[in-house]
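Down below is the structure, laid out as structure tokens.
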Amino acid sequence: MSQNLTLARPYARAAFALAREAGRTADWSQALAFSARVAADPQVQSVLGHPRLTGADAVALVAIDGADESVQRFLTLLADNRRLALLPEIAGLFEELRADADRVVKAKVTSASDLPAAELESIKAALVRRFGRQVEIETAVDASLIGGAVIDAGEVVIDGSLKGKLSRLQTALAG
């Protein structure tokens, strides 16, 4: 596990607890996503690392306009602890916590070509049955798969691609 994720986890949990308690997880999600995009910018990273940058200036740099007071305080805490650079990891972990609390599984379906809507709905229905949760699907195309698809749903990866099948067959024949 990366050190950044280890450092970011308690902040993400604290942010999620604050957001959930206030019933504002969607607002926090939007604010953290914006701040994470800003903090991930290479030019912003160099500025955030500058020793003469004040915490207030750093917060003003990364905060979304009209951010909730609790979000501002959270960003100030990060700035005071020199942890604003962790915002991308914090935002990602926050989204995982939110999805888990909302009982949503996020799945990425990568196929060799665009899949018809009916096929995506069929995959989604199968995943709903398997996980017993709501499923959000993101799609991607990777022609190197040759055919079929790879479904990545967090800890579960289902490789139904022709490339994967060929690889498994080569391994079996070589063994």
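The values are calculated or read from the model by the stated rules, or taken from the named source; none is laboratory data. What you see is a predicted model; the values in this text were computed from it and never measured. Using ideal geometry, Cβ is built from the backbone for each residue, glycine included, and neighbour counts are taken over all protein chains shown. Side chains are part of the model used for accessible areas, which takes the heavy atoms of the whole protein and leaves out ligands, DNA and RNA. Shrake-Rupley method; radii C 1.70, N 1.55, O 1.52, S 1.80 Å.
Of the helices (runs of 4 or more DSSP H) lying entirely inside region 1-112, the ones with 2 or more residues being of a type in the set (Gly, Ala, Ser) and in contact with a Leu (Cβ under 7 Å, 6 or more places away or on another chain) are found at 3-22, 25-40. In this structure, is Thr139 out of contact with any Asp or Glu (no Cβ under 6 Å at 6 or more places or on another chain), open to solvent by 70 Å² or more (accessible area, probe 1.4 Å) and free of Cβ contacts under 8 Å to residues at least 60 places away in the same chain? In short, yes.
Looking across region 27-69, the residues that are open to solvent by 70 Å² or more (accessible area, probe 1.4 Å), charged (D, E, K, R) and over 12 Å from Ala79 (Cα atoms) come down to Arg37, Arg52, Asp65, Glu69. You will find that of Ser70, Ser144, the residue that is hydroxyl-bearing (Ser, Thr, Tyr) and closer than 30 Å to Ala36 by Cα is Ser70 and no other.
The number of residues in region 82-139 being β-branched (Val, Ile, Thr) and within 24 Å of Arg13 (Cβ to Cβ) comes to 3.
Taking the criterion of being closer than 30 Å to Ala31 by Cα, in a helix (DSSP H, G or I), out of contact with any Gly (no Cβ under 9 Å at 6 or more places or on another chain) and acidic (Asp, Glu), would at least one residue in region 127-137 satisfy it? No; the residues of region 127-137 include none that is closer than 30 Å to Ala31 by Cα, in a helix (DSSP H, G or I), out of contact with any Gly (no Cβ under 9 Å at 6 or more places or on another chain) and acidic (Asp, Glu). On the stretch given as region 70-82, residues that are open to solvent by 20 Å² or more (accessible area, probe 1.4 Å) and hydrophobic (A, V, I, L, M, F, W, C) total 1. Suppose we keep only residues that are under 24 Å from Arg20 (Cα atoms) and among the acidic types (Asp, Glu) within region 88-115. Which one would you say is surrounded by the most Cβ atoms within 10 Å (Cβ to Cβ)? Filtering first and then ranking leaves Glu89.
When Phe94 is tested against (1) farther than 21 Å from Thr25 by Cα; (2) modelled with pLDDT of 95 or more, just one condition goes unmet, and that condition is (1). Restricting the first member to region 10-26 and to residues that are on the phi < 0 side of the Ramachandran plot, and the second to residues that are outside any helix (DSSP H, G or I), the beta-carbon pairs closer than 7 Å and six or more apart or on different chains are Tyr11/Arg83; Arg24/Asp68. Inclusion of Ala153 among residues that are at pLDDT 95 or above, among the small types (Gly, Ala, Ser) and open to solvent by less than 70 Å² (accessible area, probe 1.4 Å) is not warranted.
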